[in-house]
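In what follows, a single structure is set out as structure tokens and then discussed.
The values are calculated or read from the model by the stated rules, or taken from the named source; none is laboratory data. Quantities reported herein were computed from a predicted structural model and do not represent experimental measurements. A quick note on method: Cβ atoms are made from the backbone with ideal geometry, for glycine too, and the neighbour counts reach across all protein chains shown. What goes into the accessible areas is simple: the full protein's heavy atoms, side chains included, and nothing from ligands, DNA or RNA. Shrake-Rupley method; radii C 1.70, N 1.55, O 1.52, S 1.80 Å.
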Amino acid sequence: MTTSIAVFGSAFNPPSLGHKSVLERLQHFDRVLLLPSYSHAWGKAMIDYDARCELVEAFIEDLGLSNLELCRLEEEIAVGNESVTTYAVLEELQKRLPDAELTFVVGPDNFLNFGKFYKSDEILNKWQILACPEVVKVRSTIIRENIVNNRSISHLTTERVARMLTDKLHYSFREHD
């Protein structure tokens, strides 16, 4: 039997209610892999990878959706600090899970720029692509701005993530923004 797997790559810098609004609509997949960017392809400054993975784990716990899981594949296949392409991720996942039907989930910003992705035509030929815009318009940028400006973030992300950001990561955003 084929397993349906949605691959949701994002910076998760940090996870937001916008991410949540996408994930809630992916419940028809057997598994949804949340794949934090190890090194952003377009040079985006991000907080520490391990810290973002911790945030994603807390986010998954808060959401309570049974098909969500953290996937650290980009870290495993990265060479140095070079960015890992979507194509490389999907190729590796397909090798590891040869019977899985993979669907790459993109937000509206990436969907409009999909032609810029490395081997975008090959991705379209080999795998499913699902454009899934967020229903709740909360971006990670807003969370980072609120943290830097000492404003509340509890209405922008989940409870555990908000607590972790307030308690542990406050200064990491200032270093990167």
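State which residue is modelled with the lowest pLDDT when the search covers only region 18-46 and only residues that are in contact with an Asp or Glu (Cβ under 8 Å, 6 or more places away or on another chain) and hydrophobic (A, V, I, L, M, F, W, C). Checking each candidate, the answer is A45.
When each of L33, L112, L90 is tested for being closer than 26 Å to L165 by Cα, among the aliphatic types (A, V, I, L, M) and out of contact with any Gly (no Cβ under 6 Å at 6 or more places or on another chain), the lone residue that passes is L33. Would you check which residues across region 115-143 are part of a helix (DSSP H, G or I), open to solvent by 70 Å² or more (accessible area, probe 1.4 Å) and of a type in the set (A, V, I, L, M, F, W, C) and list them? Result: L124, single match. When region 1-13 is filtered for residues that are open to solvent by less than 30 Å² (accessible area, probe 1.4 Å) and either at pLDDT 95 or above or among the basic types (K, R) (or both), the ones remaining, listed by number, are S4, I5, A6, V7, F8. Select from region 66-102 the residues that are of a type in the set (S, T, Y), over 14 Å from P36 (Cβ atoms) and more than 14 Å from the chain's Cα centre (by Cα) and write down the one among them that is surrounded by the fewest Cβ atoms within 10 Å (Cβ to Cβ). Among those that are of a type in the set (S, T, Y), over 14 Å from P36 (Cβ atoms) and more than 14 Å from the chain's Cα centre (by Cα), it is S66.
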